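So the structure is just underneath, and the comments pick up after that.
The values are calculated or read from the model by the stated rules, or taken from the named source; none is laboratory data. Nothing here was measured: the structure is a model prediction, and the numbers come from that model. Glycine gets a Cβ as well: all are built from the backbone with ideal geometry, and neighbour counts include every protein chain shown. Protein only, heavy atoms only, side chains kept; ligands, DNA and RNA dropped before computing areas. Shrake-Rupley method; radii C 1.70, N 1.55, O 1.52, S 1.80 Å.
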Amino acid sequence: MSTTLFKNAKLIDPEAGTVTSGAVVVRNGKIADVLTQNTDLDEDTLAPVNFDRVIDCNRKHLAPGIVDIGVKVCEPGERHKESFGSAGLAAAAGGVTTMVTRPDTDPVIDNPEALEFVIRRAREAAPVNVLPMAALTKGRAGREMTEIGFLLDAGAVAFTDCDHVVGDTKVFGRALTYARSLGALVLGHPQDPGLSAGAAATSGKFASLRGLSGVSPMAERMGLDRDIAMIEMTGAKYHADQITAARALPPLERAKQNGFDITAGTSIHHLTLNALDVADYRTFFKIKPPLRDEEDRLAIAQAVASGLIDVISSMHTPQDEESKRLPFEAAASGAVALETLLPAAMRLFHSDHITLPQLWRAMSLNPAKRLGLDCGRLAPGAPADLVLFDPHAPFVMDRATLHSKSRNTPFDGARMQGKVLATYVAGKSVYQKQ
């Protein structure tokens with residue numbers, strides 16, 4: 001039996017909501033014990049002779065590894081944008097120990113054979129855990145639901161058509177009913193497809209001055225209202241992938257108060273950037289939904305802090321240079337974020353919007369709980385998926401240093417704080433800062 005001691009650490013416990021000095025004992029890939037100043041933290045217990053390996057954390061922060069829902073890996077079909085190997089390295093360097101991948105590939109992951117290919121490739125190439133989602137409808141076309149039962153058996157952890165909203169409510173209702181009968185989780189993209197079609201920015205004075213086609217935040221509110229009605233009708237398990245507008249928060253709160261099985265997420269870009277960052281048509285800031293006004297950003301940050309929004313994700317979407325070096329409206333949407341998720345989240349911590357335990361509740365504990373995983377916790381019996389980081393270490397982001405094949409990050413050249421020092425999956429090191 002291999003035993004490792006992580007000593008002299010500041011432990012972030014998202015379940016207890018605390019940051020305490022202490023140590024973690026790992027045995028055979030799982031957390032065996034968590035020692036704090038309030039328990040058995042003494043010299044005899046921590047004697048090096050009692051352990052096969054001792055890692056001195058030097059008073060840096062040790063937390064559960066990040067569970068990132070909504071990562072796009074471009075295998076099969078567009079491996080030049082991102083592979084499981086490059087995404088896995090980027091995840092490890094960003095403190096992400098579990099990637100939950102999207103099915104919006106080419107071809108779409110909508111059958112067991114494609115899903116099995118993804119699982120096999122991930123197992124061969126990625127140093128972190130990879131859990132695939134499958135499409136809700138065939139080809140993400142919104143006309144015929146996929147074989148949800150077979151896909152569950154093949155290893156799908158959830159079902160989503162990503163940003164292709166299922167417009168036919170009869171098809172959507174049937175898929176939700178069938179998913180409920182199997183206990184499957186469905187992810188929705190709350191947008192009214194008619195209003196949001198072709199939009200490049202959030203409507204308002206800024207979009208008008210730039211001559212950009214805009215979409216009202218009400219499109220998100222209307223999409224969420226519809227999905228909540230469908231959940232009420234079917235009783236399905238539902239997760240809204242991105243809530244980005246303040247107007248969508250009241251119906252989300254009512255749905256939770258009514259006892260519906262609903263959770264919601266948001267992206268790190270919508271928490272740390274706003275519509276004005278687009279400036280003079282900077283296409284690396286073009287994402288979907290588009291960046292919102294500052295009032296919306298602050299409201300979403302408060303909703304994460306209060307727990308109304310459950311999950312923060314990277315929404316990692318690689319795009320090659322040719323897709324981004326185009327006029328703003330023609331450029332592809334999306335940004336890479338596996339490596340920038342943690343340092344960007346530190347902006348919220350340093351600005352006193354969200355505490356470290358609240359951040360890790362949203363980045364690790366809640367996504368793990370929603371997917372029925374044992375990780376995301378600092379507790380005996382949990383997998384030893386850990387990240388060691390310094391929240392105060394300053395640096396200037398240089399996209400040339402990113403591990404992703406595509407480097408379309410809006411944070412290029414930005415001054416940031418928060419460096420990942422090491423990442424561990426099942427107690428084994430998968431990243432060490434040089």
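So here's what we get for this one:
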| read-out | value |
| --- | --- |
| The stretch 140-161-the stretch 303-363 distance, computed between alpha-carbon centres (Å) | 26 Å |
| Under the Karplus curve 6.51 cos²θ - 1.76 cosθ + 1.60, θ = phi - 60°, whole-Hz ³J(HN,Hα) for the stretch 165-174, x wherever Gly or Pro sits | 5, 6, x, 7, 5, 5, 5, 5, x, 5 |
| Farthest toward positive dipole pole in the stretch 80-164 [+1 Lys/Arg, -1 Asp/Glu at C-beta], among Pro103, Asn129, Ala154 | Asn129 |
| Amide H contacts under 5 Å for Glu82, placed H, 5+ residues apart | Cys74 |
| Summed residue charge, Cβ within 10 Å of Ala400's Cβ, Lys/Arg positive, Asp/Glu negative | 0 |
| Charge context of Leu371, other residues only, Cβ under 13 angstrom, K/R +1, D/E -1 | 0 |
| Unit charges on C-beta of K, R, D, E only; dipole of the stretch 20-141, Debye | 420 debye |
| With DNA, RNA and ligands ignored, accessible area of Leu365 (1.4 Å probe; Å², nearest 10) | 10 Å² |
| Mean ellipticity per residue at 222 nm, deg cm²/dmol - from DSSP H runs of n ≥ 4 across the chain, formula -39500 (n - 2.57) | -8000 deg cm²/dmol |
| Ranking by accessible area, most exposed first, for Arg174, Arg121, Arg102 with a 1.4 Å probe | Arg174, Arg121, Arg102 |
| Estimated translational D of the stretch 226-307 in µm²/s (Stokes, Kirkwood radius over Cα pairs; 20 °C; 1.002 mPa s) | 157 µm²/s |
| Residue-by-residue Karplus 3J(HN,Hα) for the stretch 380-391, coefficients 6.51, -1.76, 1.60, Hz, glycine and proline x | x, x, 6, x, 7, 8, 9, 10, 10, 8, 10, x |
| 5 angstrom amide H check on Lys419, placed H, neighbours 5+ away | Asp390, His392, Ala393 |
| Residues Ala330 and Gln257, FRET efficiency given R0 of 51 Å [Cβ-Cβ distance, rounded to 0.05] | 0.75 |
| Test item: Cα-centred dipole of the stretch 149-285, Lys/Arg +1 and Asp/Glu -1 on Cβ, debye | 240 debye |
| Listed residues Ala114, Ala141, Phe206: farthest to the positive end of the dipole of the stretch 68-221 (Cβ charges) | Phe206 |
| Over 28 Å (Cα to Cα) - which of Lys288/Lys405; Lys170/Lys405; Lys72/Lys419; Lys10/Lys428; Lys170/Lys237; Lys10/Lys433 fall in this group | Lys170/Lys405 |
| R0 of 51 Å, Cβ-Cβ distance Arg247-Thr3: FRET efficiency to nearest 0.05 | 0.45 |
| Two-site label geometry, Arg79 and Ala16: point separation in nm, points 7 Å out along Cα→Cβ | 4.7 nm |
| DSSP bridge orientation in the chain - percent antiparallel, rounded to nearest 5 | 50 percent |
| Per-residue SASA entry for Glu147, accessible area with 1.4 Å probe, Å² rounded to 10 | 90 Å² |
| Sequence of Met397, Met145, Met233 from largest to smallest accessible area, 1.4 Å probe | Met233, Met145, Met397 |
| Largest to smallest accessible area among Glu322, Glu253 [probe 1.4 Å] | Glu322, Glu253 |
| Contour excess over end-to-end distance, with Cα ends at Arg282 and Asp352 and 0.36 nm allotted per residue | 22.4 nm |
| Estimated dipole of the chain in Debye, rounded to 20 [Cβ of Lys and Arg +1, of Asp and Glu -1, Cα centre] | 340 debye |
| Distant-in-sequence amide H partners of Thr18 (H built 1.01 Å from N, under 5 Å) | Asp13 |
| Rounded D (µm²/s) - the chain, Kirkwood Rh over Cα pairs, Stokes-Einstein at 20 °C, 1.002 mPa s | 98 µm²/s |
| Residue-by-residue Karplus 3J(HN,Hα) for the stretch 320-332, coefficients 6.51, -1.76, 1.60, Hz, glycine and proline x | 6, 4, 5, 7, 9, 7, 9, x, 3, 5, 8, 5, 6 |
| Spacing of the two label points (7 Å from each Cα toward its C-beta) at Asp398 and Gln37, in nm | 3.9 nm |
| Solvent-accessible surface (1.4 angstrom probe) belonging to Leu152, in square angstrom, nearest 10 | 50 Å² |
| Local electrostatic count, Lys72, Cβ distance below 14 Å [Lys/Arg +1, Asp/Glu -1] | -4 |
